[in-house]
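Okay, structure first, notes after.
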Amino acid sequence: MVFADNLRALGFSMQGKEIEVDEDLPNFYDTIKLSMAEEIISENNNMINNYGFEPNDPDTIEALEKASMPKRPMQGTPWY
């Protein structure tokens, strides 16, 4: 319990209520550039074929394969 008390004294604690965050961000699959979607799909396929490891959820890859040209593509990192 001493460790928890030390953390609490430093300002770290668990809250009982859930924090709501509304960043007003569009759906990821509606904003990803097709070139970035292809890169993620290719990286996933490379990992499966060469290392037997699947780094992304199959549902994610399926959604990326169905992605269309975004009206307002996100800039910078594809993961937000």
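Any read-out appearing in this document is the output of simple, stated calculations on the displayed coordinates, not a laboratory observation. Bear in mind that the values here come from a model prediction, so they are computed numbers and not experimental data. Heads up, the Cβs are rebuilt from the backbone with ideal geometry, glycines too, and the neighbour counts pull from every protein chain shown.
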Under a plain spin-label model, where a point goes 7 Å from the Cα along Cα-to-Cβ, how far apart in nm are residue 7 and residue 19? 1.4 nm
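Among 56-66, 29-39, how do they line up by average Cβ neighbours within 10 Å per residue, starting with the highest?
Per-residue Cβ counts within 10 Å, averaged per peptide and sorted highest first, yield 29-39, 56-66.
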Determine the dipole magnitude for the stretch 24-75: charges of +1 sit on the beta-carbon of Lys and Arg, -1 on that of Asp and Glu, nothing else is charged, the reference point is the Cα centre, and the result goes in debye to the nearest 20. 280 debye
Checked against the structure, the computed P(r) over Cα pairs in 10 Å bins from 0, in percent among (i) 15, 31, 19, 18, 16, 1; (ii) 17, 53, 29, 0; (iii) 16, 28, 31, 16, 6, 2, 0 is the one labelled (i)
Can you return the aspartates and glutamates within cross-link range of residue 66? Criterion is Cα-Cα under 20 Å, with same-chain partners fewer than 8 residues away left out. 30, 38, 39, 43, 54, 57
